[in-house]
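Single-structure report; data block below.
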Amino acid sequence: MSNLRGRDIISALQFEREDVERLIDAAESLRKEIEEKGILDYARNKILATVFLEPSTRTRLSFQFAMVKLGGQVIDFGLAEAASIAKGESFEDSMRMVDGYDPDIIVLRQKVPGNAAKAAEICKAPVINAGDGWNEHPTQALLDVYTIWRELRRIDGIRIGIMGDLKYGRTPSSLSYILSKFKDIKIYYIAPEQLQIRPEVLEKIRGVDYEKVDRPEKVMEELDVLYVTRLQKERFEDPSEYERLKGSYNINRELLVKFKHIPIIMHPLPRVFELSTDVDDLPQAKYFEQAKNGMYIRAALIKEILGV
Ligand code: ASP
């Protein structure tokens, strides 16, 4: 019996190495089955509710597609602006309401760090944290390591540069947490000092070899993977700081082709100005595949939580 059955997924630290390996296996078989049959039958009579109170493209769609391809049903909460939240309904009441209709899983994105855990306390249904402000995005971390595994056939021993907004970004923290469950990982945190990784993340990955660097050029030749992230404009307290820092990095073709070795390029997307479109047709550019991998590993996760 799988051990995530009925569980809330709040932090990437919850995933043990065996969980990741099992979910990757399941994602690979679901990929084959879905390619062959289109829509499967595992989640028949099950309902997944998506509650996205902050913008999303890939996470919402890939969860919804994953559930439909598993043969289940999806109910979407709709935009926060169109729901009673706009009339002043509290987050707690909204969650209680959604849960009251008895969904089998609730996928929740909202902007307050820690509120995914609060929702999990309120709701009977398992809650999957699809991003709680700058804090965490555990299923993004799953699809990130799945993509690394698909490209390199290993996760142990990788050298990864995580670049961009490591302070306000939630994908760098969740990715660091999940990688900390593997062996011999080296993480280069590439960011200007003001956007460097939060100390609490470093505390939680104790034992992982990491280094802070200010420029990607300094470590490019070392890397198996370069994971680029955008500046989280919506989370900057001071808009002038965003304006000042937004030109800090740009990964483009001209920069990359200078190196003898070009790492795999990943990005959780959306990209803004930190990753140029002229990188897209390099064979190392994997971000669109990464987004697609999200659907399969989320399907594997849903299936396991449902115990079907
Ligand atoms: N889509 C990712 C997230 O929700 C990355 C980003 O928005 O920059 O965290």
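The values are calculated or read from the model by the stated rules, or taken from the named source; none is laboratory data. On a predicted model such as this, the values are computed, not experimentally measured, just so you know. We place every Cβ from the backbone using ideal geometry, glycine too, and count neighbours over all the protein chains shown.
The table below gives the values:
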read-out: Count of region 273-292 residues which are modelled with pLDDT of 95 or more and either hydrophobic (A, V, I, L, M, F, W, C) or within 14 Å of the ligand (Cβ to nearest atom) (or both); value: 9
read-out: Of the criteria (1) in a loop (DSSP other than H, G, I, E, B); (2) within 25 Å of Arg17 (Cβ to Cβ), which one Leu143 fails; value: (1)
read-out: Test: residue in region 82-100 that is more than 16 Å from the ligand (Cβ to nearest atom), surrounded by 13 or more Cβ atoms within 10 Å (Cβ to Cβ) and of a type in the set (Ser, Thr, Tyr); value: yes
read-out: Residue in region 155-163 that is crowded, with 20+ Cβ neighbours inside 10 Å, within 16 Å of the ligand (Cβ to nearest atom) and touching a residue at least 12 places away in the same chain (Cβ under 8 Å) present; value: yes
read-out: Check on Val112, touching a Gly at 6+ places or on another chain (Cβ under 7 Å) and hydrophobic (A, V, I, L, M, F, W, C); value: yes
read-out: Tabulated pairs, region 50-61, first without any contact (Cβ under 8 Å) to a residue 60 or more places away in the chain, second near the ligand (Cβ under 8 Å from one of its atoms) and assigned to a strand (DSSP E or B), C-beta under 7 angstrom, 6+ apart or interchain; value: Leu53/Arg109
read-out: Any helices (runs of 4 or more DSSP H) falling wholly within region 32-131 and containing at least 2 residues that are in contact with a strand residue (DSSP E or B) (Cβ under 6 Å, 6 or more places away or on another chain); value: 58-69, 115-122
read-out: Any hit, region 165-187, residues being within 16 Å of the ligand (Cβ to nearest atom), among the aliphatic types (A, V, I, L, M) and over 25 Å from Pro55 (Cα atoms); value: no
read-out: Qualifying positions in region 217-269 - within 13 Å of the ligand (Cβ to nearest atom) and charged (D, E, K, R); value: Arg230, Lys233, Glu234, Arg235
read-out: Restricting region 18-71 to residues that are among the hydroxyl-bearing types (Ser, Thr, Tyr) and within 23 Å of Pro268 (Cβ to Cβ), the residue that is nearest to the chain's Cα centre (by Cα); value: Thr59
read-out: Test: residue in region 64-79 that is surrounded by 13 or more Cβ atoms within 10 Å (Cβ to Cβ) and farther than 28 Å from Arg5 by Cβ; value: no
read-out: Check on Ile105, under 14 Å from the mean Cα position of the chain (by Cα), buried (at least 24 other Cβ atoms within 10 Å of the Cβ) and away from the ligand (no atom under 13 Å from the Cβ); value: no
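Residue-wise test of (1) more than 30 Å from Ala86 (Cβ to Cβ); (2) exposed (fewer than 15 other Cβ atoms within 10 Å of the Cβ); (3) modelled with pLDDT under 95.
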{"residue": "Arg7", "(1), (2), (3)": "yes, no, no"}
{"residue": "Ser11", "(1), (2), (3)": "no, no, no"}
{"residue": "Leu23", "(1), (2), (3)": "yes, no, no"}
{"residue": "Leu30", "(1), (2), (3)": "yes, no, no"}
{"residue": "Gly38", "(1), (2), (3)": "yes, yes, no"}
{"residue": "Asp41", "(1), (2), (3)": "yes, yes, no"}
{"residue": "Val51", "(1), (2), (3)": "no, no, no"}
